[in-house]
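Heads up: the structure comes next, in structure tokens.
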Amino acid sequence: MMRWLEMLAVGIFTFEVTGSALMVALVTMARSLPMLLFSAFTGAIADRFDRRLMLLCGLGMLAVISSVLAFLALTGRIELWHVALGAFASGLYGTLEFPVRRTMLGIIAGNKAGTGGAGVAMTLDSATNHCMRLVGPILGGLVLQSFGLPGVYVLGTILFTLGFWFVWGARYEFTARTGTAPRILAQIVEGLRYIRSNQRVMGTLFITMVVNLFGFPYGAMVPVIGAQFLGQEAVATGLLLSADATGALLGAVMIANFARPRHFTRIYFYGSIIFLCGILAFSLSRWYPMSLGFLFLAGLGVSGFAAMQSTIVFTAAPPEMRSRLMGVLAVCIGVNPLGVLQLGLLADRFGGATAVSIMACEGLTALVLAGLIWPHLRRR
């Protein structure tokens with residue numbers, strides 16, 4: 001919840017302070033940068049450490065940082081670099097998402113119900129994320145309008161502390177691996193070699209990079225498009241992001257109920273195409289209700305992408321490779337800052353809506369190439 005609430009609130013705050021779409025993109029980029037820089041290392045060491053303890057440390061760090069930012073905001077001392085630093089810290093916790101938290105989930109569900117069970121569990125986990133994407137932006141707009149930036153960080157402190165308490169009570173048995181200390185770089189290289197030998201994983205990771213480079217950065221421009229082109233306030237702008245989340249939540253529930261392992265790659269490929277088509281149509285719309293509809297369509301597409309990217313990698317990899325490959329997956333997701341930077345530069349030159357249009361067209365072109373290079377993505 002806090003991830004999406006913070007994205008909206010920080011974007012609106014940055015645009016109000018600077019009036020620059022490029023600065024909005026750069027502050028958003030600060031949150032994604034750690035995934036690009038550190039996720040491969042997190043994936044390489046995750047098997048050697050207690051994943052539950054790693055999550056506790058991350059959530060505790062975020063609770064402390066949010067409380068400090070809340071104090072600075074309440075006393076009127078907060079500056080833009082404080083906000084950017086807080087976004088960077090959230091990104092550091094994000095490096096734990098795939099190699100630590102989702103791998104834990106896959107292991108627990110896989111032990112109970114096999115490959116199909118792991119797929120359903122990860123799809124439902126994706127659905128909880130979409131549910132919070134639905135709630136977070138609306139709540140962010142309400143909190144920001146009612147209490148300003150201090151209210152956002154006070155709520156963040158409460159939510160991260162609650163998350164810490166939930167993980168503290170989680171039942172997860174950690175079995176320490178014996179042997180010599182891990183050679184992190186060697187393990188990363190071994191994982192990359194395995195990826196080259198597995199076309200299913202390679203195609204999946206390529207599409208992950210495409211969607212994170214050319215698709216998801218659009219979210220950084222929603223506050224700009226909502227204010228400049230659609231003439232909406234914070235709450236209505238939050239509803240735009242929530243329309244995307246509503247479609248994604250509905251799609252995730254449908255996938256969890258009806259998808260089978262043989263459908264995974266097609267759901268992933270065509271869902272990515274629908275997502276990019278939806279945000280392209282959104283960028284061209286100048287009527288608020290139509291914009292909501294296009295983002296709902298984009299959400300239906302992104303549900304297939306989000307549910308399947310970790311599921312395909314987890315189920316296609318041997319157990320000893322899972323954490324490393326999930327770390328590489330997080331690195332592929334971490335290319336998002338490069339897309340956000342490109343979006344910001346384009347927005348500074350052509351405006352936010354045109355920038356999103358250009359990016360979406362680039363992404364669709366790359367997906368067509370992926371379908372030609374890896375035909376299995378569209379055939380089974």
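The values are calculated or read from the model by the stated rules, or taken from the named source; none is laboratory data. Computed from a predicted model, the values in this text were never measured in an experiment. Methodologically, a virtual Cβ is constructed for each residue, glycine included, from the backbone with ideal geometry; neighbour enumeration extends over all protein chains shown.
So the values come out like this:
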item: Test: residue in segment 282-295 that is part of a helix (DSSP H, G or I), of a type in the set (F, W, Y) and without any contact (Cβ under 8 Å) to a residue 24 or more places away in the chain; result: yes
item: From the options G344, G327, G351, G363, residue that is buried (at least 24 other Cβ atoms within 10 Å of the Cβ) and under 14 Å from L22 (Cβ atoms); result: G344
item: Given (1) more than 30 Å from V201 (Cβ to Cβ); (2) modelled with pLDDT under 90; (3) in contact with a Gly (Cβ under 9 Å, 6 or more places away or on another chain), index of the condition S283 fails; result: (2)
item: Any hit, segment 40-48, residues being of a type in the set (K, R) and either modelled with pLDDT of 80 or more or closer than 23 Å to G141 by Cα (or both); result: no
item: Members of segment 32-56 that are of a type outside the set (A, V, I, L, M), in contact with a Phe, Trp or Tyr (Cβ under 9 Å, 6 or more places away or on another chain) and surrounded by fewer than 19 Cβ atoms within 10 Å (Cβ to Cβ); result: F49, D50, R52
item: Pair list, Cβ < 9 Å and 6+ apart or interchain, from segment 265-281 residues that are under 19 Å from V222 (Cα atoms) to residues that are hydroxyl-bearing (S, T, Y) and surrounded by 23 or more Cβ atoms within 10 Å (Cβ to Cβ); result: F275/S303; I279/Y218; A281/S291
item: Residues being over 18 Å from F314 (Cβ atoms) and among the small types (G, A, S) - total across segment 31-63; result: 4
item: Condition broken by R196, with the remaining ones in (1) crowded, with 17+ Cβ neighbours inside 10 Å; (2) more than 19 Å from the chain's Cα centre (by Cα) satisfied; result: (1)
item: Candidate set from segment 136-173 (those that are outside any helix (DSSP H, G or I) and surrounded by 11 or more Cβ atoms within 10 Å (Cβ to Cβ)); member that is modelled with the lowest pLDDT; result: Y172
item: Residue under evaluation L372, criteria (1) of a type outside the set (F, W, Y); (2) farther than 20 Å from A220 by Cα; (3) modelled with pLDDT under 90; (4) surrounded by fewer than 24 Cβ atoms within 10 Å (Cβ to Cβ), criterion not met; result: (3)
item: Criterion: in contact (Cβ under 8 Å) with a residue 12 or more places away in the chain, part of a helix (DSSP H, G or I), of a type outside the set (F, W, Y) and surrounded by fewer than 24 Cβ atoms within 10 Å (Cβ to Cβ) - qualifying residue of T208, T246; result: T246
item: Any pair with Cβ under 7 angstrom, 6 or more apart, that starts in segment 70-89 at a residue that is within 22 Å of V24 (Cβ to Cβ) and ends at one that is among the basic types (K, R) and modelled with pLDDT under 90; result: A87/R31; F88/R31
item: Residue among S146, S126 that alone is among the polar types (S, T, N, Q) and without any contact (Cβ under 8 Å) to a residue 40 or more places away in the chain; result: S146
item: Residue satisfying all of: in segment 330-359; small (G, A, S) and under 18 Å from G226 (Cα atoms); modelled with the lowest pLDDT among these; result: G344
